[in-house]
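A.B. asks: This is the structure, below, for whatever I ask next.
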Amino acid sequence: MSANETATFGDNDVLIVVDVQNDFCPGGALAVPRGDEVVPIVNRMAARFRNVVLTQDWHPRNHSSFASSHPGRQPFETIAAAYGPQVLWPDHCVQATAGAAFHSGLQVPHAGLIVRKGMERGIDSYSAFYENDRKTPTGLVGYLRERGFTRVFLAGLALDFCVRYSAEDARREGFAVFVVEDGCRGIDIGGSLAAARESFAALGIPCLQMREFAAG
Ligand SMILES: [Zn+2]
């Protein structure tokens, strides 16, 4: 372990751990390839932060992002929702199911807040900050501001969807944003991983390996 890996972050820094849930890990309903590999990295990163927020995809049954809610449609097709294009997914992260639970190896007992998202039947929410209409807030911006956080670090699943949209929104809200790249895994459909990397570059969001983060 390098000196960087034991350096701790400051009172103005917060780590947001995105959707490290069973359904997004191998064996789950919407498995991100090698998604479970982020767990030990997230645990080690989180141990360096005083302030950690967890997010949890948390859908009602028959959620509108599920292909099963649209007769004749298949998972990974894109439809035109009222708020814009929406990828259809296999049923996943249904409220209070085992699939929606955090991965059993996730060890972040000091997390101060769990943000649940995607709870409205008619709208999906990739971002931890705004639902997919890009207007309806989850309240997380207010929480971060009120707590005085200025730097937001992100890890979790999936890099090219929920991590990406959360990072973009945090940046647009004026936070300094960093993605812990080895603490993320992507789904990569339709060039989504390349698009995420381009977006991070355009917005000035560094993607770094955990060992590259020095003291806060
Ligand atoms: Zn979802």
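A.B. asks: Taking the Cβ-Cβ separation of Glu77 and Ala195 as r and a Förster radius of 22 Å, what is the calculated FRET efficiency to the nearest 0.05?
C.D. replies: My answer for the efficiency is 0.75.
A.B. asks: Given H placed 1.01 Å from N in the peptide plane, which residues other than close sequence neighbours of Asp182 have an amide H under 5 Å from its amide H?
C.D. replies: Counting only residues 5 or more places away or on other chains, the set is Met210.
A.B. asks: Considering only Leu144, Ala96, Val53, whose Cα is most displaced toward the positive end of the charge dipole of the chain, charges sitting on Cβ of Lys, Arg (+1) and Asp, Glu (-1)?
C.D. replies: Leu144
A.B. asks: Where a ≥ b ≥ c are the square roots of the eigenvalues of the C-alpha gyration tensor, would you call the chain rounded, which needs a/c under 1.5, or, failing that, prolate if a/b is larger than b/c, or oblate?
C.D. replies: Since a/c reaches 1.5 and a/b is larger than b/c, the shape of the chain is classed as prolate.
A.B. asks: Return one number: the angle in degrees, 0 to 90 and rounded to the nearest 10, between the long axis of the Cα atoms of helix 192-203 and the longest principal axis of the Cα atoms of the chain.
C.D. replies: Roughly 50 degrees between the two axes.
A.B. asks: A follow-up question, please. For the range 45-140, compute Rh as the Kirkwood radius over C-alpha pairs and then the Stokes-Einstein diffusion coefficient at 37 °C and 0.692 mPa s; write the answer in µm²/s, rounded to an integer.
C.D. replies: 226 µm²/s
A.B. asks: Could you calculate the FRET efficiency of Glu37 with Glu146 from 1/(1 + (r/R0)^6), where r is the beta carbon distance between them and R0 is 25 Å, rounded to 0.05?
C.D. replies: So, using R0 = 25 Å, E works out to roughly 0.15.
A.B. asks: So, one more: For the range 102-158, rounded, prolate or oblate, judged on the Cα gyration tensor with a ≥ b ≥ c (square roots of eigenvalues), a/c < 1.5 rounded, else prolate if a/b > b/c?
C.D. replies: The shape class here is oblate.
A.B. asks: Need one number: % antiparallel among DSSP beta bridges in the range 69-205, to the nearest 5.
C.D. replies: 45 percent
A.B. asks: Return the loop-located trypsin sites (Lys or Arg not before Pro) in the range 35-125 (DSSP other than H, G, I, E, B) with at most 12 other Cβ atoms within 10 Å of their own Cβ; answer none if there are none.
C.D. replies: Qualifying residues, ordered by number: Arg61.
Just so you know, all these numbers are worked out from the coordinates, no wet-lab data involved. Keep in mind that what you see is a predicted model, and the values were worked out from it rather than measured. Neighbour counts run over all protein chains shown; Cβ positions are idealised from the backbone, glycine included.
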